[in-house]
There are 2 protein chains.
Amino acid sequence: MVQAAVMGYGVVGSGVVEVLMEHKESIARRTKDEIGIKYILDIRDFPDSPFQDKFTKSFEDILNDDEVKVVAEVMGGVHPAYDFTRKLLESGKSVVTSNKELVATKGAELLKIAKEHNVNYLFEASVGGGIPIIRPLSQCLAANEVIEIAGILNGTTNFILTKMIRESMSFEEALAMAQRLGYAERNPAADIEGHDAGRKISILASLVYGKHVYPQYVHTQGITKISLEDVNYASAWGGVIKLIGQVKKLEDGTLDITVEPMLIAKDSQLANVDDVFNGILVRGDSTGDVVFYGKGAGKLPTASAVVADIMDCVKHLGKRKYLDWADGDESIVKPYDETVFPVYIRAAGKKGKKALYEKACELFADVKEIVRSGSAENELAFTTGDMKVADTEKAVAAFESFGADVLSKIRIADL
Amino acid sequence: MVQAAVMGYGVVGSGVVEVLMEHKESIARRTKDEIGIKYILDIRDFPDSPFQDKFTKSFEDILNDDEVKVVAEVMGGVHPAYDFTRKLLESGKSVVTSNKELVATKGAELLKIAKEHNVNYLFEASVGGGIPIIRPLSQCLAANEVIEIAGILNGTTNFILTKMIRESMSFEEALAMAQRLGYAERNPAADIEGHDAGRKISILASLVYGKHVYPQYVHTQGITKISLEDVNYASAWGGVIKLIGQVKKLEDGTLDITVEPMLIAKDSQLANVDDVFNGILVRGDSTGDVVFYGKGAGKLPTASAVVADIMDCVKHLGKRKYLDWADGDESIVKPYDETVFPVYIRAAGKKGKKALYEKACELFADVKEIVRSGSAENELAFTTGDMKVADTEKAVAAFESFGADVLSKIRIADL
């Protein structure tokens, strides 16, 4: 019997306890050892829980108990999770987590501490919930050079965009529905502003490229400015708008890493990833495109990924899994201004569509108008060819001086 | 430096050598050790190859060289691969393979020998080519009860069906095109009769349910009888016909495991897996549906999966990966006759459509006619509700006695 502890008894934490209890036998068969839960740490009381004997409010109970070999940190947030995790690793306990914020901001440091103390720090559940992605990336695809990762990494925003695309809801209506259904929090900023997806693409990039890419290096833009007009133009263009977390290795060795809404073509494997689902495309030089798809969040999917990591720690007690990246600095990321991609632009102006189109052709590369029935008068939507972001910005400024009111500008993906 | 050997210098074998050579540095960085290729075994001569010093025609060179720790068996077929693999494992060398036929027929035995000699026998490349599936199933999804696996496991047949669905090619035309493009072999039986997919679902079922499910227990049916009429009726019904390898655990603990063409609804995640791509859906009780998608075959995708296994062996020299299943017998599989599912049936008869429909309603459960423009006169197509296969057979016999010529009968998937 190996003893484990669970820190945080919220949605994921209670799921972890449930999965460990309900699958006790099959887990024991697979790990060749039973896994017990000795402590559940939470500051709240749960008078109706059947696990009264396991609850503690004192972190030290877990830290000082030599019997506890593996701890699931499912508290979320950086503090006090960071401090707890560090102390646990230093005391020779393995830690597994679903805490993407902590891994994205402190991953390199915690992995280093784990290495120094010959224990494991695993975080399969931090990206994609129940979708296996960390382990396939670090093990199965290890013989590949990963050229690009692009993913729909946040279920809440994908639900909102799906409602806009499929049911012509406005952003506000769709957000309100997501909140009613429990998909979005009352303060939805972390999701709709793209920060959650930013943390996840940080983790994937760090894993694949071997250096920590901190979230603050990732150009991050949410979906709050997406309008139904844009959704309709995207459809006329032959695609959909999705919030994409993406990292590409450029020829000079730097990374083009962003989270932003993108137009993706309808025949892309990510275009049909709808509702709260996540989809992650990994482009390898040998494997070609491999896509992972499933529920990216939710109690049981996430909990089952945490439990799989606990099992892996139990199977590897005293042995290290090769999961590792070095510290990194901003120099590994290409400044957003210098990245190059085509964009979709929607603009209106009193001078009329024809004049706007002629001016656009003058200012932007390879302009192609998007025609759709029902578009507003004096409104022009078009796509450009590849342009450096700084040049696009200059062209937009000149376009506005000319009298165009630029209403939207959205990246076009190369998926 | 860890020395490896490659047995078989065909498409996959030459790819393995290429990936090991071209990614030498990044592989060394990730495994913390360089991997050298000491031998390449092949009975043929390759006078133009730059690796003259590595070729050997003698298996004993590899077997008797203590320096060789890991061997990639990419010869295919059961003999002599089985004999070679057994001897290598017994001599304390780890073996990795893409040989689905060998794993499907001798997996339990070879895994047992590997265990006894504290070495690894890994086969990520045997299913899904470069798509990670074996490792996610055995590790990431370990905390799940897998309720069902359903996959498009054979790229050749999927290419043929895609051409029939998208371009209204006949089966024969599409097969000829697949052969011209090198997707199908001159003798295409293993693909089009479903045997290749049968081996793959055998491997996945054995892995997930812990007992060897031999291919001869798997009801296997290919796509040679699929006609354009069926494809068109499937479209009118709202779906497509795909060759699906499927395993489900039934309530009595036995497995419903088959390879057969199935009608799947257009909104299923497998419906858009087209051309030579593979897609594998894993339904877990905690994770829900997780889908893996990518190129299921081809030189570099498959080779990169083999190399990832080599790397894993090198990282685990002297340690065992937990990959294991016991021997199994026919009792773990539900006889096909006793399995239950709805079917699509197409029939013709001189008595006319109306009489056929009335008789069908009498004989089959929950009959629903499929109406489409352009259908032949006196032809009726319909779907049934859930029926035991033995009962469907009896109903078909009675239908034929009545004067119906039953032209097609295809399972309807629950995906």
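Each value in this text was obtained by applying a stated rule to the coordinates, not by laboratory testing. Source: prediction; values computed, not measured. Neighbour counts are summed over all protein chains in view; Cβ atoms, including those assigned to glycine, are modelled from backbone coordinates with ideal geometry.
Karplus couplings for the stretch B:339-348 from phi (6.51 cos²θ - 1.76 cosθ + 1.60, θ = phi - 60°), rounded to Hz, Gly and Pro as x?
6, 10, 6, x, 10, 9, 10, 10, 9, 10
Report the convex hull volume per residue for the stretch A:169-217, counting only C-alpha atoms, in Å³.
With only Cα atoms used, the stretch A:169-217 gives 91 Å³ per residue.
Could you tell me the distance between the Cα centroids of the stretch B:252-281 and the stretch B:286-344, to the nearest Å?
15
Mind pulling the angle between the C-alpha long axis of helix A:11-22 and the longest principal axis of chain A? Nearest 10 degrees, somewhere in 0 to 90.
Value to nearest ten degrees: 50.
On each of the three principal axes of the Cα atoms of the stretch B:286-415, give max minus min coordinate, whole Å, ordered largest first.
The principal-axis extents, from largest down, are 72, 37, 28 Å.
At 37 °C and 0.692 mPa s, grab the translational diffusion coefficient of the stretch B:187-269 from Stokes-Einstein with a Kirkwood Rh over Cα pairs, rounded to a whole number in µm² per second.
The calculation lands on 239 µm²/s.
In 10 Å bins starting at zero, report the fraction of Cα pairs in the stretch B:1-157 per bin as a rounded %.
10, 37, 37, 14, 2, 0
Would the stretch B:89-231 count as rounded, prolate or oblate if I go by the C-alpha gyration tensor, calling it rounded below 1.5 in a/c and otherwise prolate when a/b exceeds b/c, oblate otherwise? Before the final figure, lay out each step's value.
On the way: a/c = 2.50, a/b = 1.98, b/c = 1.27.
Prolate is the answer for the stretch B:89-231, as a/c is 1.5 or above and a/b outweighs b/c.
Mind running the shape call on the stretch A:1-93? Use the C-alpha gyration tensor, a ≥ b ≥ c as the square roots of the eigenvalues: rounded below 1.5 for a/c, prolate if a/b tops b/c, oblate otherwise.
Details: a/c = 1.69, a/b = 1.19, b/c = 1.42.
Note, shape of the stretch A:1-93 comes out oblate.
Sorting check: for B:41-49, A:184-192, A:338-346, which peptide has the highest mean count of neighbouring beta carbons within 10 Å, and how do the rest follow?
Per-residue mean Cβ counts within 10 Å order the peptides as A:338-346, A:184-192, B:41-49.
Distances in nm, one decimal, shortest first, from A:Gly238 to the same residue in every other copy, taking the label point 7 angstrom along Cα→Cβ.
List, nearest first: 2.8 nm.
Share of Cα-Cα pairs in the protein assembly as shown beyond 56 Å, in percent?
12
So what's the angle, to the nearest 10 degrees on a 0 to 90 scale, between helix A:155-167 and the longest Cα principal axis of chain A?
The helix A:155-167 is inclined about 40 degrees to chain A.
Give the residue from B:Val119, B:Val16, B:Thr254 lying farthest towards the positive end of the charge dipole for the protein assembly as shown; charges sit on Cβ (+1 for Lys and Arg, -1 for Asp and Glu) and the dipole is referred to the Cα centre.
Farthest towards the positive pole: B:Thr254.
Determine, at each q value in 0.20, 0.21, 0.26, 0.27 (inverse angstroms), the log₁₀ of I(q)/I(0) that the Debye formula gives when each Cα of the stretch A:75-123 is one equal point scatterer.
-0.53, -0.59, -0.92, -0.99
On each of the three principal axes of the Cα atoms of the stretch B:3-55, give max minus min coordinate, whole Å, ordered largest first.
Reported extents, whole Å, longest axis first: 34, 18, 17.
Quick one: in the stretch B:140-224, what % of C-alpha pairs are over 20 Å apart? Please report the intermediate quantities before stating the final value.
Working: 1490 of 3570 pairs.
Roughly 42 percent, once rounded to a whole number.
With viscosity set to 1.306 mPa s at 10 °C, what whole-number translational diffusion coefficient in µm²/s follows for the stretch A:295-344 from Stokes-Einstein and a Kirkwood radius over Cα pairs? Don't skip to the end; give the middle numbers.
Working: Rh = 15.4 Å.
Roughly 103 µm²/s, to the nearest whole number.
Per residue of the stretch A:381-390, what does 6.51 cos²θ - 1.76 cosθ + 1.60 with θ = phi - 60° give for ³J(HN,Hα)? Whole Hz please, x for Gly and Pro, Karplus curve as stated.
Those phi angles translate into 10, 8, 10, 10, x, 4, 9, 5, 3, 4 Hz.
Which value in Å is the Kirkwood Rh of chain B over different Cα pairs?
22.7 Å is the Kirkwood radius here.
Where the centre of each part is set by its Cα atoms, how far does the stretch B:165-233 sit from the stretch A:53-106, in angstrom?
49
In nm, one decimal, shortest first: how far is the label point of B:Thr224 (7 Å from Cα along Cα to beta carbon) from the matching points in the other copies?
Nearest first, the other copies' label points are 6.4 nm away.
Assume the label is 7 Å from Cα along Cα to beta carbon: what separations in nm does A:Asp66 have to the matching positions in the other copies?
4.0
Using helices alone, what [θ] at 222 nm do you get for the protein assembly as shown, with -39,500 (n - 2.57) per DSSP H run of 4 or more residues, divided over all residues and rounded to the nearest 500? Write down the numbers at each step before the final one.
Details: 26 runs with 290 residues, N = 830.
So the helix-based figure for the protein assembly as shown works out to -10500 deg cm²/dmol.
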